[in-house]
Amino acid sequence: MILDLLASQSQTCKACRLSEGRTTVVFGEGNPDAQLMIVGEGPGEDEDKTGRPFVGRAGQLLDKILEAAGIPRSSVYIANIVKCRPPGNRAPLPDEAKICTALWLNKQIETIRPQIIAPLGASSAEFFLGDKVSITKIRGQWLDWQGIKLFPMFHPAYLLRNAARTPGSPKALTWQDIQEVKRMLGTLGPKQGQEVKATSQQPLF
């Protein structure tokens, strides 16, 4: 499988400075035939240790968000802009993002051919939109990227820092956003190997 070959090749990548401090490359994981691809910014400490994306606190919250909307994690593909952990969990620098996406993320997208991409956080959205963005201004909007539906959302790490569930809060907006993603998935029809369950009535995160 192409993704397996790319994942294997990525393990020895030394194309940018991030390779110097990593424990392991966090290539990405999920359904290779996914309709929905979720793209974060970069691996954190837990991801760097395990080699899997979104397994720390932010990843556990992402799992709850997907579960609340009836979207199995196993049905989507999850990756990051950069495959190695930035020092101190900082956002990827522009040159790091440019190098890593050219080598790996673009090839992942070309292979998976998702119909929807949900960038999580400003750094991820900026890669697709090609400019500095305010995630608070662009989240929850359907945009186009090379013929793929783009739907920016808050990063789960941001939700951990803003935990209130009051109307208009980041968590409340994220609940609206993930339901909109679920609605759009329903209009596409299932791809082979993908199951979309009924949406729960109340957020579980």
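The values are calculated or read from the model by the stated rules, or taken from the named source; none is laboratory data. In this text, all values refer to a predicted model and were calculated from it rather than measured experimentally. When we count neighbours, we look across all protein chains shown, and the Cβ atoms used for this are built from the backbone with ideal geometry, even at glycine.
Within the set THR101, THR111, the sole residue that is of a type in the set (Val, Ile, Thr), surrounded by fewer than 19 Cβ atoms within 10 Å (Cβ to Cβ) and part of a helix (DSSP H, G or I) turns out to be THR111.
Going by what's in this entry, would ALA34 be described as surrounded by fewer than 19 Cβ atoms within 10 Å (Cβ to Cβ), touching a residue at least 24 places away in the same chain (Cβ under 8 Å), small (Gly, Ala, Ser) and farther than 14 Å from ARG85 by Cβ? Here the answer is no, as ALA34 does not meet what is asked. Filtering the stretch 63-77 to residues that are over 16 Å from ASN31 (Cα atoms) and among the hydrophobic types (A, V, I, L, M, F, W, C) leaves ILE65, ALA68, ALA69. Would you confirm whether any residue within the stretch 130-140 is within 16 Å of GLU180 (Cβ to Cβ), of a type outside the set (S, T, N, Q) and touching a residue at least 24 places away in the same chain (Cβ under 8 Å)? Yes, the stretch 130-140 has at least one match. The number of residues in the stretch 70-94 that are at pLDDT 95 or above and outside any loop (DSSP other than H, G, I, E, B) comes to 8. Picking from residues in the stretch 126-184 that are closer than 24 Å to GLY56 by Cα and among the small types (Gly, Ala, Ser), the one that is surrounded by the most Cβ atoms within 10 Å (Cβ to Cβ) is ALA157. Of the residues screened, SER123 is one that is polar (S, T, N, Q), in contact with an Asp or Glu (Cβ under 7 Å, 6 or more places away or on another chain) and either over 22 Å from PHE54 (Cβ atoms) or surrounded by 15 or more Cβ atoms within 10 Å (Cβ to Cβ) (or both). Scanning for something in a helix (DSSP H, G or I) and more than 13 Å from LEU120 (Cα to Cα), does the stretch 23-43 turn up at least one residue? Checking the stretch 23-43: not a single residue is in a helix (DSSP H, G or I) and more than 13 Å from LEU120 (Cα to Cα).
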